[in-house]
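The values are calculated or read from the model by the stated rules, or taken from the named source; none is laboratory data. These numbers come from a predicted model, not from an experiment. Counting neighbours? That spans all protein chains shown, and the Cβs are built from the backbone with ideal geometry, glycine included.
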Ligand SMILES: C[S@@+](CC[C@H](N)C(=O)[O-])C[C@H]1O[C@@H](n2cnc3c(N)ncnc32)[C@H](O)[C@@H]1O
């Protein structure tokens, strides 16, 4: 059944209204289950591992672990690169059956696929551009009070409808100081996801790599329309009702919220850095030096990857790396530069 129809049915069954978080969950479930090309130049977006091997080869230098669990492995490209660099056992937890099949074809028996988080995991958990796909609740701070922005059917499509916020959402929204009127997201699912990751690791680190900010920047007075963004065939736009199930819907991460959730569940923040700083600390310049500088045909694509990964105008500053640890002292990627106190 098309996603549009499936969502409309659920809205009708629930009395005419669902939270935006539920809408996003249904739309993204359909999107990631679908067969369309999502990754790379011919798809909807290009992630760091899809640019080439520079990201994965550099990340490998910052992973002193013999077990890796990758969440949401996309096309399997990062796993492929890391497995060439590291002698480790590799697990993948992927919620999309279609992508799991694609990863299995690419990686074969070098990877063990998991259906749920393990217990007592020892090693590194990696989540690159996964947490931004977790459903967010939308909140409107208005002169009339704090509202939850939800979705109703309208004609063949959908429209916004606000209702007074309640429960945990109201409690979280009340803690955030913003000018009125103001609309933004609160990632309750990302908080719960972080807690469950921390609980599943007994000894090791969780690396969350994604775009986002600490709370004070996230809920900045000038960001009054939030960070929700859709990606459809390399076009970014802000209307999540445009192509339900056929496009990516994401929100930036509030890294302070993830850090809080982790600390409450017994993990430490081992580091928080921009992607550029993290990759430089891991030794991206050494990896670049291994390239054949004399041969422009060989060097130019690698230099282009470095530019994309490191430049403040591209992924270098907006993307951050958050490391949450249990029983693990320090990591090379955070040896210099910003530390957890910036969260
Ligand atoms: C934007 S893609 C990123 C893929 C890959 N990590 C990369 O960097 O190219 C998001 C991935 O996360 C998966 N995913 C979404 N929600 C997830 C969840 N709760 N747990 C595990 N994987 C999830 C999607 O199916 C997809 O593989």
Among (1) over 18 Å from the mean Cα position of the chain (by Cα); (2) under 30 Å from residue 274 (Cα atoms); (3) within 16 Å of the ligand (Cβ to nearest atom), the one test that residue 125 misses: (1)
Helices (runs of 4 or more DSSP H) completely within segment 230-343 that count 2 or more residues being more than 30 Å from residue 195 (Cβ to Cβ) and touching a helix residue (DSSP H, G or I) at 6+ places or on another chain (Cβ under 8 Å): 284-289, 296-310
Subset of segment 69-106 [out of contact with any strand residue (DSSP E or B) (no Cβ under 8 Å at 6 or more places or on another chain), within 13 Å of the ligand (Cβ to nearest atom) and part of a helix (DSSP H, G or I)]: 80, 81, 97, 98, 99, 101, 102, 106
Residue within segment 210-227 that is over 17 Å from residue 318 (Cα atoms) and in contact (Cβ under 8 Å) with a residue 60 or more places away in the chain present: no
Selection within segment 201-229 - in a loop (DSSP other than H, G, I, E, B) and more than 17 Å from the chain's Cα centre (by Cα): 219, 220, 221, 222, 223, 224, 225
Residue that is nearest to residue 75 (Cα to Cα), among those in segment 26-42 that are crowded, with 18+ Cβ neighbours inside 10 Å and out of contact with any helix residue (DSSP H, G or I) (no Cβ under 7 Å at 6 or more places or on another chain): 38
Residue count for segment 19-41, restricted to those that are within 13 Å of the ligand (Cβ to nearest atom), in contact with a strand residue (DSSP E or B) (Cβ under 8 Å, 6 or more places away or on another chain) and not in a helix (DSSP H, G or I): 2
Tally of residues being under 16 Å from the mean Cα position of the chain (by Cα) and either surrounded by fewer than 17 Cβ atoms within 10 Å (Cβ to Cβ) or touching a residue at least 24 places away in the same chain (Cβ under 8 Å) (or both) across segment 230-242: 1
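Quick grid of which residues meet (1) closer than 21 Å to residue 253 by Cα; (2) more than 16 Å from the ligand (Cβ to nearest atom); (3) modelled with pLDDT under 95; (4) touching a helix residue (DSSP H, G or I) at 6+ places or on another chain (Cβ under 7 Å):
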{"residue": "133", "(1), (2), (3), (4)": "yes, no, no, yes"}
{"residue": "140", "(1), (2), (3), (4)": "yes, yes, no, no"}
{"residue": "143", "(1), (2), (3), (4)": "no, yes, no, no"}
{"residue": "154", "(1), (2), (3), (4)": "no, yes, no, no"}
{"residue": "160", "(1), (2), (3), (4)": "no, yes, no, no"}
{"residue": "167", "(1), (2), (3), (4)": "no, yes, no, no"}
{"residue": "176", "(1), (2), (3), (4)": "yes, yes, no, no"}
{"residue": "179", "(1), (2), (3), (4)": "yes, yes, no, no"}
Hey, residue 245 buried (at least 16 other Cβ atoms within 10 Å of the Cβ), at positive phi and out of contact with any strand residue (DSSP E or B) (no Cβ under 7 Å at 6 or more places or on another chain) or not: yes
Hey, residue 255 in contact (Cβ under 8 Å) with a residue 24 or more places away in the chain and within 26 Å of residue 91 (Cα to Cα) or not: yes
Failed item in (1) in a loop (DSSP other than H, G, I, E, B); (2) away from the ligand (no atom under 16 Å from the Cβ); (3) under 23 Å from residue 229 (Cα atoms), with residue 119 passing the rest: (3)
Filter result (away from the ligand (no atom under 11 Å from the Cβ) and not in a helix (DSSP H, G or I)) within segment 42-54: 42, 52, 53
